[in-house]
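Just so it is clear, none of the values below were taken in a lab; they were calculated from the coordinates. It should be emphasised that the depicted structure is a prediction, and the values quoted were computed from it without experimental measurement. Heads up, the Cβs are rebuilt from the backbone with ideal geometry, glycines too, and the neighbour counts pull from every protein chain shown.
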Amino acid sequence: MRLSIASYGLLLICAGLFIHLELSWLSDHSVEQTEGNPASEQAREYYELYENIWKDLEYFPVPESTEDEKAAVSFENSWMFERTYGGSYGHEGTDLMPSVDKSGYYPVVSMTDGVIENIGWLEKGGWRIGIRSVHDVYFYYAHLSSYAEEFERGDVVEAGQLLGWMGDTGYGKEEGTTGQFPVHLHVGIYVRNEEIPELAVNPYWFLKYLEQYKLKYSFS
Ligand SMILES: [Zn+2]
């Protein structure tokens with residue numbers, strides 16, 4: 001009887017040792033091990049910042065015309081293509097090019113709900129509007145011909161709300177400069193967190209996704 005208790009005890013010790021070894025092997029080899037890795041933490045942060053963009057997107061910024069079938073926009077992935085106004089730099093955005101080269105023709109709507117953070121003239125961006133979305137993403141619409149309303153900083157806008165019209169303003173210190181490039185809408189997307197005050201994101205794929213969510217407006 002005593003012997004069998006001793007064997008039982010020994011068996012328990014062996015089993016315990018085996019489990020202990022197994023667990024320590026697992027903790028050495030499991031994915032959890034990467035938690036303390038700064039690179040993977042950074043990757044997760046970026047993932048979360050990108051996720052915020054998806055959460056807020058609702059509409060493509062240029063609606064389709066119910067009057068004119070030929071009124072369309074096209075765009076390519078021109079991320080970081082060279083731009084040379086006021087020095088050489090990379091293109092931080094996507095340009096939506098119209099089939100009708102006419103300033104003030106195409107409506108521009110907000111892609112998201114949000115609050116107007118910036119409005120008015122910028123040397124490069126011309127008449128621009130910058131909207132901070134619900135999940136803290138900055139959406140930048142540039143080169144507008146005019147605004148739909150007398151917007152002010154802090155005004156609340158809804159996804160799909162008319163912001164203004166596509167134009168060719170910008171590339172000039174003087175307010176109202178036009179004609180320095182073809183009519184188009186420049187779209188910029190910027191994310192941020194505590195460490196990164198402003199990070200430009202390529203809008204191309206987000207716009208590709210939004211192509212299935214075009215509003216229809218009556219314009220011709
Ligand atoms: Zn651009």
Within straight cross-link reach of Lys124, meaning Cα distance under 22 Å, which lysines are found once same-chain residues fewer than 8 apart are removed?
-> Lys102, Lys173
If you stretched the chain out fully between Leu199 and Trp121, how much longer would it get, using 0.36 nm times the residue separation minus the C-alpha to C-alpha distance?
-> 25.9 nm
The range 48-63-the range 141-220 distance, computed between alpha-carbon centres (Å) | 13 Å
With r as the distance between the Cβ atoms of Ser88 and Asp68 and R0 = 41 Å, compute the FRET efficiency 1/(1 + (r/R0)^6) and round to 0.05.
-> 0.60
Under a 5 Å amide H to amide H cut-off, with H placed in plane at 1.01 Å, what residues pair with Leu122 once short-range neighbours are removed?
-> Trp127, Arg128
So for R0 = 41 Å, FRET eff. of Glu51-Ser7 from the Cβ-Cβ r, to 0.05, ends up at 0.15
Taking the Cβ-Cβ separation of Val156 and Gln42 as r and a Förster radius of 45 Å, what is the calculated FRET efficiency to the nearest 0.05?
-> 0.85
